[in-house]
Structures are given as structure tokens and as C-alpha cells.
Amino acid sequence: MRVVPTGHALSLFLIITFTLCILWGLATPASMHMHQAWEPLLPGFRFISFPSFLIGAVETYAYGWYAALVFVPLYNLFNRSGAVAAQKKETPGPASRSCCSE
């Protein structure tokens with residue numbers, strides 16, 4: 001797994017989710033708003049003005065990169081460990097060689 005595509009994918013996923021939550025808040029009554037979940041996580045974000053939306057979008061994009069920078073190396077570490085173990089398990093021993101392979 002590579003960091004750059006994962007970082008962009010996670011960041012865009014979070015921005016799309018953030019935008020949908022903001023649109024939901026604009027279209028529904030106050031009792032159904034989602035901005036209360038975003039305000040503690042995004043410093044400077046307050047519902048709703050355009051500059052506040054931009055701050056939230058930038059911070060959301062940064063959270064996606066943070067997740068990728070932490071997750072991808074961990075995934076690669078554990079994936080490599082599992083691949084090495086599987087490869088050792090599949091390596092044929094001397095008893096499994098064919099009589100005609102030489």
C-alpha cells in the first residue's frame with residue numbers, strides 16, 4: 001500500500017463526508033444537524049459561513065493525511081510480516097522435490 005494515493009483517497013472521503021454533513025445541516029431542522037460533531041474536532045470551524053467551511057475542509061483534508069501517514073506504514077509492516085511467514089510455510093523442503101527435476 002502506498003501513502004500518497006491512500007492520503008488523497010482518505011482526505012477526499014473526509015471532505016465529501018464533511019460537505020454532506022454541512023449540506024444536511026442546511027437542509028434539516030436544528031435538531032438533526034451534524035455540525036456539533038465537527039466543531040470539537042475542527043478548531044476554528046463554526047456552523048456556518050464560507051470561511052468557516054474552508055477552515056473545516058482544510059482541517060478535514062489534513063486529518064485524512066494524518067490517518068494515511070499513520071496507517072499505511074503500519075499496514076505495510078504487518079502485511080510484510082504476514083507475507084514472509086506465508087512464504088516460509090509454502091517453501092518446499094527437500095523431500096518434496098521431483099525425481100526428474102534435475
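Ranked by Cβ crowding within 10 angstrom, fewest neighbours first, how are V58, V72, V4 ordered?
Least crowded to most crowded, the residues run V4, V58, V72.
In nm, to one decimal, how far is the modelled label at N76 from the one at M32, with both set 7 Å along Cα→Cβ?
Once both label points are built, they end up 4.4 nm from each other.
Need the full-extension length gain, L23 to V58, defined as separation in residues times 0.36 nm minus the C-alpha distance. One decimal, nm.
Result: 10.9 nm gained on full extension.
Rounded to whole Å and sorted largest first, list the principal axis extents of the Cα atoms in region 1-65.
For region 1-65, the Cα spread along each principal axis is 42, 20, 18 Å.
Give me E59, E39 sorted ascending by neighbouring Cβ count inside 10 Å, so fewest comes first.
Fewest-to-most ranking of E59, E39: E39, E59.
At a 10 Å Cβ-Cβ cut-off, how would you order S11, S52, S81, fewest neighbours first?
S81, S52, S11
Sequence gap at least 6, Cα distance under 8 Å: using those rules, report the relative contact order of region 1-55 to the nearest whole percent.
Answer for region 1-55 is 17 percent.
Taken together, the values in this text are just the output of simple stated rules run on the coordinates, not laboratory data. Note that the coordinates shown come from a computational prediction; the quantities given were computed from them, not determined experimentally. Neighbour counts are summed over all protein chains in view; Cβ atoms, including those assigned to glycine, are modelled from backbone coordinates with ideal geometry.
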